[in-house]
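Engineer: The structure follows.
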Amino acid sequence: MINRILLFITALLLAEAPIASGQVGYSPFMRGPQNCGAVFSGSYATRIMYQSATVSEPGACVSETQQALCTNGTFGAYSGNYANSTCTASRTRYSTASTTCPIPCSAESQSQSCSNGSCTTWTGSYSNASCAQNSTTETMNIWAQNPHYTPYNCNPYNCNPYDCSYSCNCVWWPFIGTVCSTCPQTCYNTCYNTCYNTCYNTCYSTSYTCDAAGTTSRTCSASSNVVAGSWNSWSPNAANYYTNNACMVRY
């Protein structure tokens with residue numbers, strides 16, 4: 001009777017704590033539930049998975065905790081939907097928050113790696129999330145050389161017809177006027193009128209003064225904050241003016 005009780009107790013113990021093959025008391029007909037490695041049968045294994053393998057700012061690595069049930073040495077399917085065991089995030093940072101055109105913003109690409117719920121620190125050293133390359137305007141004073149005309153008595157009949165743009169062989173005679181001996185009357189008329197107008201418009205003494213002409217300006221702007229900006233043209237065109245009130249040096 002005692003032997004039967006001992007055998008019954010031994011069977012119960014073997015059912016709770018399986019004995020491996022080769023050990024004392026091993027029986028292929030009396031095995032308990034098998035574990036899944038370090039996870040006991042009936043317990044859950046946990047893991048952390050990520051929604052995406054790579055993301056760029058403003059996105060971020062998103063994780064979820066998943067579980068799988070161990071049943072007699074075999075894991076069931078993990079819960080959850082995410083399938084990436086790691087995630088790498090990337091972003092751009094700038095050395096300064098702003099620059100002045102034409103100096104471009106200095107940018108740096110940074111990255112961060114996440115695994116098993118932990119993320120590394122971001123690479124790089126720049127800390128500004130944005131940078132603006134601000135436009136700017138330059139202004140300069142300009143001077144101009146201006147002519148001043150002082151008229152004096154002028155007799156258009158004293159003009160030299162040979163100064164005309166037409167090659168008429170014309171001679172002025174006292175009391176007679178201009179005679180064009182080698183050209184037809186139409187040429188004479190053209191020559192005389194041209195000569196008259198030339199004389200009338202040039203019978204002045206001319207002097208020049210250097211006068212302030214206001215300012216000229218130009219603007220620098222950029223199409224991208226990381227590309228050096230460019231200047232537009234001076235307005236008005238500085239090349240037509242002088243740098244100081246002596247009117248000696250042009251821009």
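Engineer: With no solvent and one equal point scatterer placed on each C-alpha of the stretch 112-152, evaluate the Debye formula and give log10 I(q)/I(0) for q = 0.17, 0.28 Å⁻¹, two decimals.
Structural biologist: -0.80, -1.05
Engineer: Let me ask something else. What is the gain in length, in nm to one decimal, between SER90 and SER217 on full extension, counting 0.36 nm per residue of separation less the C-alpha to C-alpha distance?
Structural biologist: 41.5 nm
Engineer: Calculate, in nm to one decimal, what SER106 and ALA83 gain on full extension: separation in residues at 0.36 nm each, minus their alpha carbon distance.
Structural biologist: 4.6 nm
Throughout, read-outs are computed from the coordinates displayed, never taken from laboratory work. Since the structure is predicted, the reported quantities are computational estimates derived from the model, not experimental observations.
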